[in-house]
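None of the figures in this text is laboratory data; all of them are computed from the coordinates on show. What you see is a predicted model; the values in this text were computed from it and never measured. When we count neighbours, we look across all protein chains shown, and the Cβ atoms used for this are built from the backbone with ideal geometry, even at glycine.
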Amino acid sequence: MFERKLVVLGIRGVPAGHGGFETFAEYLCPFLIARGWQVTVYCQEDGEGEMYESEWQGVKRIHIPVKNEGPLGTIIFDLKSVWHARKNKGLHLTLGYNTACFNIIQRLYGITNVINMDGIEWKRQKWGKIAKTWFWLNERFGCWFGNHLVADHPRIEDHLATRVSRDKITMIPYGGPDVSEANEAVLADYGLVKNEYAIIIARPEPENSILEVVEAFSAKPRSHKLVVLGKFLDSNPYHQKVLAAASNDVIFPGAIYEAEKVAALRFYARFYVHGHQVGGTNPSLVEGLAAGCAVIAHDNHFNRWVAGDGAFYFKDKAHLASFFEQQYLDDAFVTEKSNAAKQQFLNSFQWENILTQYETLLSKYLK
């Protein structure tokens, strides 16, 4: 019987405090621990000092302090993590390819490394030429240095198959917890009424269609509200453009990090609005489906595969404005989409099923 040892790299650490990959690791690690695996996770800490260890829910955590902030700090952390992890001959799981150039270390030391390749980062509008070049190169490095690749969406798998043999790729989507209730009292804090608002939960960036949604909703007075979660900065021209386009029916509560509040705002919304134009299986969209939200989504192959019949798909601002005038207020339409969204989640995105697929894949590479 092979020893079931796993080292998780590429994230800030567990429990989650940053993004989708951290949340995924927060579910995966205890799942594997309960099945007899030994799991080690590298965690990035702010500041200076020596590495130190701790334990969380049976997971061995190796903390690496990094004094640098932002992308440079992440790059330094990833390099230190991979270099230190070379001593651990167990199976490695790297979440993301943003610093895949460092994964040559695993290759040189004969360590098996499975890489979740995330989305097609170098295509995102928000990055400049230098960042796009960095991501493009590291996507190639990840394809070369990884022993096996995970794609979280069939279109991501198709993209990676232009780089490597399809036999080297396994498609496993992102998952989410089933949500059947939430604290309705949270709505009062924001002056909201159940089923009388739509909500956007996304970074305010052009590729997420925030401006188009706000403009379409603000085209005329509405009987409902549009809630836009996120941090809007005075120094960001796009953020200011969104704020300027908003009518009095659009609410900007800021960035909300309390999970209970976000869950309640999503659960009681009439629609969850997902304007993402690129990406694979988006965690926020999966969470919307898990809450049984009827969805308004940008019309692209990424979103259509994830949301299925649970969404209305808009092509542009004019198409969306027409929807707000008509189907948005149709209760029967909302119920139909809500039921379809929940069924789509139950069929394809429950954590138990997703994590079992990961364990099956990882088990193939144990030595």
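Along the positive direction of the dipole of segment 71-145 (beta-carbon charges: Lys, Arg +1; Asp, Glu -1; about the Cα centre), which of Trp134, Asn88, Asn116 reaches farthest?
Trp134
State the three equivalent ellipsoid semi-axes of segment 44-104, derived from the C-alpha gyration tensor as the square roots of 5 times its eigenvalues, in descending order and whole Å.
Equivalent-ellipsoid dimensions as semi-axes: 18, 17, 10 Å.
Helix by helix through the chain, keep the DSSP H runs that span 15 Å or more along the axis on Cα and average at least -1.0 on Kyte-Doolittle, and give those back in order.
Numbers: long enough: 20-33 (20 Å, 0.99); 70-85 (22 Å, 0.62); 129-145 (24 Å, -0.12); 331-348 (26 Å, -0.67); 351-363 (18 Å, -0.19).
Membrane-span-like by this rule: 20-33, 70-85, 129-145, 331-348, 351-363.
Work out from phi, with θ = phi - 60° and the Karplus expression 6.51 cos²θ - 1.76 cosθ + 1.60, the ³J(HN,Hα) of each residue of segment 191-199, listed in order in whole Hz, and give x for Gly and Pro.
x, 10, 10, 3, 6, 10, 7, 10, 9
When semi-axes √(5λ) of the Cα gyration tensor in Å is calculated directly from the model, which label among [x] 37, 22, 20; [y] 40, 24, 19; [z] 28, 26, 19 fits?
Matching entry in [x] 37, 22, 20; [y] 40, 24, 19; [z] 28, 26, 19: [x].
Where does the charge balance sit around Asn208 when Lys and Arg score +1, Asp and Glu -1, over other residues with C-beta under 12 Å from its C-beta?
Once all neighbours under 12 Å are counted, the net charge is 0.
For the chain, what is the calculated [θ] at 222 nm in deg cm²/dmol (nearest 500), taking -39500 (n - 2.57) for each run of four or more DSSP H residues and dividing by its residue count?
Roughly -11500 deg cm²/dmol at 222 nm, from the helical runs in the chain.
Check the straight Cα-Cα distances from Lys231 and name the lysines below 20 Å, setting aside those fewer than 8 residues away within the same chain.
Of all the lysines, those that pass the test against Lys231 - Cα under 20 Å, at least 8 places apart if same chain - are Lys126, Lys241, Lys261.
Determine which lysines satisfy two conditions relative to Lys168: a Cα distance under 28 Å, and not lying fewer than 8 residues away in the same chain.
Lys5, Lys80, Lys87, Lys89, Lys123, Lys132, Lys364, Lys367
State whether segment 4-61 is rounded, prolate or oblate according to the following rule on the C-alpha gyration tensor (a ≥ b ≥ c being the square roots of its eigenvalues): a/c under 1.5 gives rounded; otherwise a/b larger than b/c gives prolate, and the remaining case gives oblate.
Cα axes put segment 4-61 in the oblate bin.
Using only Cα atoms, what Kirkwood radius does segment 185-253 have, in angstroms?
It works out to 12.4 Å.
Based on other C-beta atoms within 10 Å, arrange Trp83, Trp127 from fewest to most.
Exposure proxy ranking, most exposed first: Trp83, Trp127.
Provide the per-residue ³J(HN,Hα) series for segment 10-16, in order, calculated from phi with Karplus coefficients 6.51, -1.76, 1.60 and θ = phi - 60°, each as a whole number of Hz, with x at glycine and proline positions.
Coupling constants for segment 10-16: x, 10, 6, x, 10, x, 5 Hz.
Is there a quick way to get the dipole size of the chain? I mean about its Cα centre, with the Cβ of Lys and Arg at +1 and of Asp and Glu at -1; what is the value in debye to the nearest 20?
That gives a dipole near 1300 debye.
Residues with beta-carbon under 13 Å from that of Phe349, excluding Phe349: net charge, scoring Lys, Arg +1 and Asp, Glu -1?
Computed value for this residue: -3.
Expressed as a fraction of 2.2 N^0.38 Å, the rule-of-thumb size for a compact globular protein of N residues, what is the C-alpha radius of gyration of segment 184-348?
Rounded to two decimals, the normalised Rg is 0.95.
What's the magnitude of the charge dipole for segment 184-348 around its Cα centre, counting Lys and Arg as +1 and Asp and Glu as -1 at the beta-carbon? Answer in Debye, nearest 20.
60 debye
For segment 1-76 and segment 325-367, compute the distance between their C-alpha centroids and round to whole Å.
26 Å
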